[in-house]
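Inspection log for the structure reproduced underneath, given as structure tokens.
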Amino acid sequence: MGRSIVGRDQWLAWVAEQAESGLSVQQFCTERQISVASFYGWRRKVLGKQDSRSAAFVSVLVAREPSRLEIELPCGAMLRVPHDDNALRQVLRVLLELGQTS
């Protein structure tokens, strides 16, 4: 994909559209052939002081393999957790603790 100049209004529209789309950032950006890194940068600018780490919810996707869950964090990282109640509780506990310290 070659470089093109995209204006602020287009990035504002994409950020809003992705939030409502139900797609992960990766999926959304792939479909529109835009840079994931640029998307996150513009989303930070658009949200201003609303740091994505302060979000109350993160996307939780059930993987194709029923033996694990995938949790996509706002920073783009993907956690793969065994589909086991204890493992999921432990991961959620750690995420909640980290969310309280930031």
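Read the figures in this text as sums done on the coordinates, not as results from a lab. Predicted model only: the values in this text are computed from it and were never measured. All Cβ positions, even for glycine, are placed from backbone atoms using ideal geometry, and neighbour counts span all protein chains on display.
Suppose a student asked you for the relative contact order of the stretch 1-49, using Cα pairs under 8 Å spaced at least 6 residues apart; what percent would you report? Please report the intermediate quantities before stating the final value.
Values: 20 pairs, mean separation 20.4, N = 49.
Relative contact order here is 42 percent.
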Plugging the Kirkwood radius over Cα pairs into Stokes-Einstein for the stretch 1-49, at a temperature of 20 °C and a viscosity of 1.002 mPa s, what D comes out in µm²/s?
195 µm²/s
Mind giving me the FRET efficiency for His83 and Ala16? R0 is 41 Å, r the Cβ-Cβ distance, nearest 0.05 is fine.
0.80
Nitroxide proxy distance, nm - points 7 Å out along Cα→Cβ at Leu23 and Leu92
2.9 nm
